[in-house]
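All remarks here apply to the structure that follows.
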Amino acid sequence: MRAQEISVMPGLRLALSMTALAVLSACSSLAPPPELPKQLMPEASRWHAPQGPALAAEAGAVVWQRLNDSVLLQLQAQAESANPSLQQVLARVQQARALSQQAGSAQLPQLNANGLAQRSRPAQPSGSPTQTLSSVSLDSSWEIDLFARVRQQASAAQARLQASELDAQAARLSLAAEVAQAYLNLRSCERLTQIAQADAAATAQLARFAAERLRVGFESAANEALLQAAAANAANLALAQQAECELAVKGLVALTAMEEGALRQALQPGAAHLPAIAGLGLAVASVPAEALARRPDLAASQQQVLAAWAERGAAEAARYPQLQLSGSISLANLRIAGSSDEGRGWSFGPSLSLPLFDGGARKAQAQGALARYDEALAGHRQSVLQAVREVEEGLVRLDAARAREALAERAAAGYRHSLQATERRWRAGLASAAELEDARRLSLGADSALVQLQREGLSAWVALCRATGAGWDGQAASPALKKSSGDAA
């Protein structure tokens, strides 16, 4: 017996020595992650694009209340509760939560119960008695996480879960902005349709008047034909504009998942209403890092970087020894020809796994995990740069639309007065039909350009809301996400 102890001890000492060396070499590779907020946020101290008046920061859906449109808020709430794309995102949150729970459970001891009941009769010799074997056992195992491999995996899964929840918030805000964009496009389309229909009706009346004047000899055939053609063209434009509005309604049906009849009924009260750009504002922090901290998609990207770092650590830790405690308790009973025999057993002890040679597989896995971390880090930096660009562009476009709105209103009013004066001169025989048609086209173009400018300004405001993460305070979850979390609990 002593000879066995002497032969075993050198092997045990060698294993412990290799474990100690692995611990020392692993300390440098399992360093904590860098300070991501300082490293990854933009270093610029201010925005270069002009900003509007300073406003108090909004929380939740308050930002959309600046449009003063209850129909829009209703459609956004409906889309959040029924949009299939958002429901897919919430389902992915549930998947990430399950994976996080699974990874976290690996840190705890595992206990399994096994049972067996088997009845048999040997084929030879003939007449052999029937045998009944029954057994029950409890098996347990627990990995002693020497190099934080399991903890790193759990941390990575938790970071993926947080990223998934933040992605859901980003999807909710993106959906709200998309509904607002589609809704405002519809309202501007309705306004353009009103302008086109009014122009078509006025032009048709002038064409009828020209036909009467031609009949009594007060108008030339060329002028009458010109006005008839103008009436037909105006009617054509009105029909085309109305078709665009129909398509816009179909888009809102897809976004909100509402029945089309109910949607049209809800849209009726605010037909062709557009809020003034000058009355809109948005609270944008003067420091880019503070403003972009309100974007849930950037927060999700940052969590992905943390997850990649933890997975890198887990892959590195897999290159070092793994220690596991295991134990078992069993009870068995064997019955043969009326007699029985019972047996009890137990086992307990550690097991140490020392990776000696795997052809470089574990090292390659660690290198691949490090490359994935570098990829996630570069992707996050690119997302930050893109976010800065989106805010700068949104500020420029909104400021330009505000500055141009008053000029466009003056131009539309001036061309409208010119058209009225030209029409009076034409009725008095002092202006030609060509002059009247030119004045009509200029007035129609100016009215349409004003609506287009208002739509551009509103579109820039919505894009700025999305670019700055307006409506998300960094903590509150959407009702759908809260419900999803409650159901999982």
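The values are calculated or read from the model by the stated rules, or taken from the named source; none is laboratory data. The model shown is predicted, which means the values in this text are computed figures rather than measured ones. Cβ atoms come from the backbone with ideal geometry, glycine included; neighbour counts cover every protein chain shown.
Here's the yes/no breakdown for (1) in contact (Cβ under 8 Å) with a residue 60 or more places away in the chain; (2) more than 29 Å from VAL462 (Cβ to Cβ):
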| site | (1), (2) |
| --- | --- |
| GLU393 | yes, no |
| VAL396 | yes, no |
| ALA403 | no, no |
| GLU409 | no, no |
| ALA413 | no, no |
| SER418 | no, yes |
| ALA421 | no, yes |
| ARG427 | yes, yes |
| LEU430 | no, yes |
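Residues are listed down the side, and each one gets a yes or a no for (1) in contact (Cβ under 8 Å) with a residue 24 or more places away in the chain; (2) under 31 Å from the mean Cα position of the chain (by Cα):
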residue: ALA207; (1), (2): yes, no
residue: GLU224; (1), (2): yes, no
residue: LEU227; (1), (2): yes, no
residue: ALA235; (1), (2): yes, no
residue: LEU252; (1), (2): yes, yes
residue: GLU260; (1), (2): no, yes
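Taking the condition at pLDDT below 90 and either at positive phi or charged (D, E, K, R) (or both), does GLY217 pass? Even if it seems obvious, please write down each step before you answer.
Working: at pLDDT below 90: yes; either at positive phi or charged (D, E, K, R) (or both): yes.
Yes.
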Subject >> From the options GLN454, GLN420, residue that is modelled with pLDDT of 90 or more, part of a helix (DSSP H, G or I) and within 33 Å of the chain's Cα centre (by Cα) >> reply: GLN454
Original post:
Could you list, in sequence order, the residues of the range 95-109 that are surrounded by 14 or more Cβ atoms within 10 Å (Cβ to Cβ) and out of contact with any helix residue (DSSP H, G or I) (no Cβ under 6 Å at 6 or more places or on another chain)?
Top reply: GLN101
**OP:** Give GLU342, GLU456, GLU390, GLU437 a once-over and let me know the one that is more than 30 Å from GLY217 (Cα to Cα) and crowded, with 18+ Cβ neighbours inside 10 Å.
**Re:** GLU456
Original post:
Restricting the search to the range 191-215, which residues are under 14 Å from ASP447 (Cβ atoms) and buried (at least 19 other Cβ atoms within 10 Å of the Cβ)?
Top reply: ARG191, LEU192, THR193, ILE195, ALA196, ASP199, ALA200, THR203
Subject >> Checking ALA428 against (1) farther than 25 Å from SER188 by Cα; (2) in contact with a helix residue (DSSP H, G or I) (Cβ under 8 Å, 6 or more places away or on another chain); (3) hydrophobic (A, V, I, L, M, F, W, C), the condition it does not meet >> reply: (2)
Original post:
Is there any pair with a first residue in the range 326-346 that is farther than 24 Å from PRO122 by Cβ and in contact (Cβ under 8 Å) with a residue 40 or more places away in the chain and a second that is of a type in the set (Phe, Trp, Tyr) and surrounded by 10 or more Cβ atoms within 10 Å (Cβ to Cβ) whose Cβ atoms are under 6 Å apart and which are 6 or more apart or on different chains, and what are they?
Top reply: GLY327/PHE348; ILE329/TRP346
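Which one of these is modelled with pLDDT under 90 and either buried (at least 18 other Cβ atoms within 10 Å of the Cβ) or assigned to a helix (DSSP H, G or I) (or both): ALA470, ALA411?
Values: ALA411 fails: modelled with pLDDT under 90.
Among ALA470, ALA411, only ALA470 is modelled with pLDDT under 90 and either buried (at least 18 other Cβ atoms within 10 Å of the Cβ) or assigned to a helix (DSSP H, G or I) (or both).
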